[in-house]
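Notes follow once the structure below has been shown.
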RNA sequence: GGGCGAUUAGCUCAGCUGGUUAGAGCGUCUGUUUUACACACAGAAGGUCACAGGUUCGAGCCCUGUAUCGCCCACCA
C-alpha cells in the first residue's frame, strides 16, 4: 500500500458531458446487436411496434415523448432477459405528401394532371427515398434502442400486400362496398375525407330567415309563406323539400302542402319529420339532401329527390341556375342579396355555429354526394358460429366495430384460446373508445389522390363488372376481357396504418416474426389518435387474425409550450428536441419528459426542469467518480453475501435495505406503467439517501481506513480505539456495498438515462470491471434488478434514522443559534448506546467534537447550552458566550408547543373507541408508538424548561 | 347537447389500495471553496389540497352538487 492518494481517473471529467459520449455509445450499442431481440427460448417475447412518424414531419416533442416511453419499456424488458422487439417504421402520410408534391409542382407552374400519374409518383418516390433515412437519424439522437434491421415503411411491398389482402377479404365478406353517398368533401384537397378528418370549429356567421311562398294545387301562390332559417343560403338551389316537426301546431295544417323555392322556382313538398327541432329558428327546415347529412336522411325517409349543386372544386353547377359557375361563398353573398331584393329575406341574425374544416388543409368541408368506397362497421358477417371467440357466448354476432368493442370491454378469445382484454392506460380512455364505437358510422376509405395504396379493384370495359384481387389481374374475372382499368382512387392512409402491427411482422405471410411477436405487448401513442388509429388497429387486427393486435395501449400526454399552449406550426411555438438534447443531453430531456408529470397527463415544457434533470445526471456521474476514485484499477470488490450480513456496518445494512425497497417499488411501478413515479423513486433514492447520507458516511470510513493504513505503515500501534469492537466493525470497507448500490442504481436508471449510466458502467467509468463477477459487456444487456427480501433490515433502518435525526438536529441548532458553520464544537447527545457506534459519523456530519454520548441527561452540562429534544434523544451543545437565555427559552417553548400538540392529537385519536376498534391493528399500534415518542419528547422539553427556570 | 380531464406552496407539477404533521423541482431567504459534484452542500420560510354538502374511526384521495379553465365527441338547420 502506498500513502499516495489513489490517482483519480483522468478520463472521467468533473462534469458529465453528454456531447462527448452519446454518439459513440449509440454506435457501440447498435454494432453490438443489442437492439435486436435476443434469442431466449422459453422467455416470453415483448413487442412494441413504433407508431410510424410521417415522412413529411420533423422531429417534435411528441416524438421525443413517444421515443422515451417506448425506449424505457423496451430497455427494461430487455434487461429482464426477455426477447424484446421494438420495431420502427415510417408512414407514407398520403395526403400530406401528396399535397407537398403538388405544392412543389405549383411552384413550377404545373399541376399533377400536367405531368400525369406516373411521373407524379416517380417524383414522390424520389422525395420519399431522400427523406426516409433522415427521419430516424433524428430519433436516434434520443438514444432509442429500436431494431433498425426490421425498419418498415407502409408503402413497402410487404405492407402493400397486407393492404390488398385485407381489402379483398373484407370485400369478399361484404364488409367493403362502393356506394353513392353523402360524404365529406374537401375542395382544397379535392378528395373525400372520413368523418375523423373533419375538424369542427365554431364560426361566427348569420342565420338567415327566408320565406318560401306557399302554393295551391294548381301551383299558384296562395299569398301565404312559410319561413325557414338557414346558415347556408347558397344551398337553397338544391332544396327539395321543407320539413317541420309533426307535432308543431304552427305547421300542422301545412303537412302535405307545397311551397315554391325562391329564385329557382322548384315546387317543394312540406313534410313532417321528427328530426326537426321546433325551438330552432322558425321551426321549419329547408331540406337539402345533396348537401347536408341530416337532410340526406330526411330525404331518404320521405323519398325526396337529391339535387347536387356543388362541384368538387366548390363552385356551383348548372343546378344553381343564375349562380352556376360561382364559388360557393361568392354565391352565398349574391344569393342573400337577391333574396333581400326580391323580398324573400325576413331577417338576418348573427349566429355562431360549427363548421367542418379539412384537418389537413383547413378548407371548409363540403358534404356532397359522391361514389366512394366504405368499410361497413356494424354489419354482421361470418357464419355466426362462436368460433374462436367462444367466450362471447350464445347469440354472438361478429361485426368490425362490435368485435373491437368486445376486445376492450369483455376481452377477446384468440386462436390460442386465451382471453385477452385490451387494457388502456390511463384507463379513462376506455370509455371514450367504447362510446365512439357504439356510435360509429361507416368508414369512407377512398381518396381522390395519387400517393398511397391504390384501390385493388379493376373495372371491365366490356361487361362492366369489378375484379377485386390481391395481384394485378390481366383480365376480367367475369368475362375474361383484357380491357380492365384499375380504380383511380387510393386508400385512406389510416387504412394501411390499421394493419401496422400485422404488416410490420410480415402478415399475411406466416413469418417467424409474426408467430413470435404477434400479438404485440404494448401500443404506445398519443391519445389524440385513439379513433383514427388505435381503434382501427384493433378492428383490423381482430378481423385479419382473430386476435387482438396488442394487450396494452399506453397513451402519453401532449407536451405543450411553457405557457401551456399546444405547440403548432401556425403558432410558431414549437421547440426542437434536438436543440434541447444538444443543450442538456438526451438523458436530461428524457428524464424530464418522463418524471415531470403524471401518467398520460399533458405537461409543459419547462427548461428549468430539464436543467434539474441534467443536474441529476451530473450528480450520478459524480457519485460514480467518488466511488471509482477509491478503487484501484483492476480491483474487483468482494461479493456481498446476505447470510453474512452481521459483518456489515449498520449503514451498509441500512442502504441495502433501502435499495431493496426501491427495487421493489420500481418493479411494481413499471409493471403498472407508472414510469414517472418509478423514475422519481430512483432519483430520490440516489440523491437524498445514497449521495446525501451513505456516500458521506462512507467517506468518513474510507478516511479512517486510510489513516489507519498510514499509521499501520509507521508502527503496529494505532490511535484508533481498537478495544471498541463497534469501531472495528464500523471500519469495514464500505467499497463492496458502494459498488453494489451504485451498480444497482445504474441498472435501475438505465432505461431512463441510458447514456450516463452506460458511460459509468462500461465507458470511461468502467464500473463493470470492479464487480465481483464477470458481467455483461454493456449495461444495455445487463440484468435488471429484481425485487427480493434478503436485505430488508428494519433495525438498521431505525438505527440510521436515529443517526440522521441527531445530525439534522445539531445542524439545525447551529443555524438557529448562529454558530459558524466551520466551527467544530463539543456536543452531548443523551440517547441510546447504539448511537455510540456512529460517533465518528455524527462528529463528521454535524461537525462536532468531541462528542459525548451519554445515557442520562445529568451527565451533560446544564448551563449555557442549546438544547434540542428528539423522540428518543436530546442534543446538548455547550455554546458558552453565544448562549442567549431568551433564545433558548423561546426555542424550547416552540418545541413544547409542537410536542404537546402532537400528544394531544394522538391522545384524542386513541381515546376514540371506534378508531381503536375499527382501524387496522398496525395503524393503531403506530399511533401508540408515535404517542409514546411525542410524550417522551414533551417530558424532555419540559424538564429542560424547568431547569432553565 | 353529451363525455373526459384539471383546480394542491410564489411558479410548474407529483401524491399508489383512504391511514404520520401533504411532497418535489424552480424561485425566495440565511450560510458554506466541506477532497464526487457550486450542475454542489447545510438550514429556513411558504399550503383552508377550488367551493358546499355527504360517507367513514379516519378524506387531497370515495360519493353528490356548484364554480372556473381546458380538451374530445355530436347532423340544432
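Each reported figure results from applying straightforward, stated rules to the coordinates on display, with no laboratory input. All of these numbers come straight from a predicted model, not from anything done at the bench. Please note: Cβ atoms are built from the backbone with ideal geometry, for glycine as well, and neighbour counts cover all protein chains shown.
The C-alpha atoms of chain A define a longest principal axis, and helix A:429-438 lies at about 20 degrees to it. Over all distinct Cα-Cα pairs of the range A:287-358, the Kirkwood formula returns a hydrodynamic radius of 14.0 Å.
Give the calculated FRET efficiency between residue A:575 and residue A:684 to the nearest 0.05, with a Förster radius of 30 Å applied to their Cβ-Cβ distance. It would help to have the intermediate numbers written out before the result.
On the way: r = 28 Å, r/R0 = 0.92.
Efficiency, from the Cβ-Cβ distance: 0.65.
Report the gain in length on full extension from residue A:418 to residue A:894: 0.36 nm times residue separation, minus Cα-Cα distance, nm rounded to one decimal. Show your work: numbers first, answer last.
Details: separation 476, 0.36 × 476 = 171.36 nm, distance 6.42 nm.
Separation in residues times 0.36 nm, less the Cα-Cα distance, equals 164.9 nm.
To the nearest 10 degrees, how steeply does helix A:921-948 sit against the main Cα axis of chain A, on a 0 to 90 scale? The angle comes out near 50 degrees.
Over the range A:817-949, the fraction of Cα-Cα pairs per 10 Å bin, rounded to whole percents and listed from the shortest bin up, is 12, 35, 31, 15, 7, 0. As a proxy for reagent exposure, A:605, A:748 were ordered by neighbouring Cβ count within 10 angstrom, fewest first; the result is A:605, A:748. Note on the range A:600-697: Cα convex hull, mean projected area over all directions, 8.4 nm². Put in line by how crowded their Cβ is, counting other Cβ atoms within 10 Å and starting with the fewest, A:745, A:691 read A:691, A:745.
The angle separating the long axis of helix A:61-79 from the principal Cα axis of greatest extent in chain A is about 60 degrees. Computed from the C-beta positions of residue A:921 and residue A:397 and an R0 of 51 Å, the FRET efficiency is 0.45 to the nearest 0.05.
Helical runs assigned H by DSSP (4 residues or longer) give chain A a calculated mean residue ellipticity at 222 nm of -12500 deg cm²/dmol, each run adding -39500 (n - 2.57) before division by the residue total.
Need one number: the % of Cα-Cα pairs in chain A sitting beyond the 55 Å mark.
Taking all Cα-Cα pairs of chain A, the fraction more than 55 Å apart is 35 percent.
Ranked from highest to lowest mean number of other Cβ atoms within 10 Å per residue, what is the order of the peptides A:758-767, A:930-939, A:214-223? Could you put the intermediate results ahead of the total?
Working: A:758-767: 23.0, A:930-939: 17.8, A:214-223: 11.3.
By packing density, highest mean first, the sequence is A:758-767, A:930-939, A:214-223.
Available extension along the chain between residue A:560 and residue A:203 is 126.0 nm, counting 0.36 nm per residue and deducting the alpha carbon span. Obtain the nm distance between the two label points defined at residue A:661 and residue A:774 by a simple spin-label model: each point lies 7 Å from its Cα along the Cα-to-C-beta direction. Once both label points are built, they end up 3.8 nm from each other. Ordering A:107, A:438 by the number of other Cβ atoms within 10 Å of each residue's own Cβ, fewest first, gives A:107, A:438. If the chain linking residue A:836 and residue A:583 were pulled fully straight, counting 0.36 nm for each residue of separation and taking away their Cα-Cα distance, it would gain 86.3 nm.
Once both labels are positioned 7 Å from their Cα atoms along Cα-to-Cβ, the gap between residue A:691 and residue A:488 label points is 6.6 nm. Treating each Cα of the range A:780-877 as one equal point scatterer and applying the Debye formula with no solvent, the log10 of I(q)/I(0) at q = 0.12, 0.13 Å⁻¹ comes out as -0.44, -0.49.
Summarising the label geometry, the points placed 7 Å from Cα in the beta-carbon direction at residue A:122 and residue A:267 lie 5.9 nm from one another.
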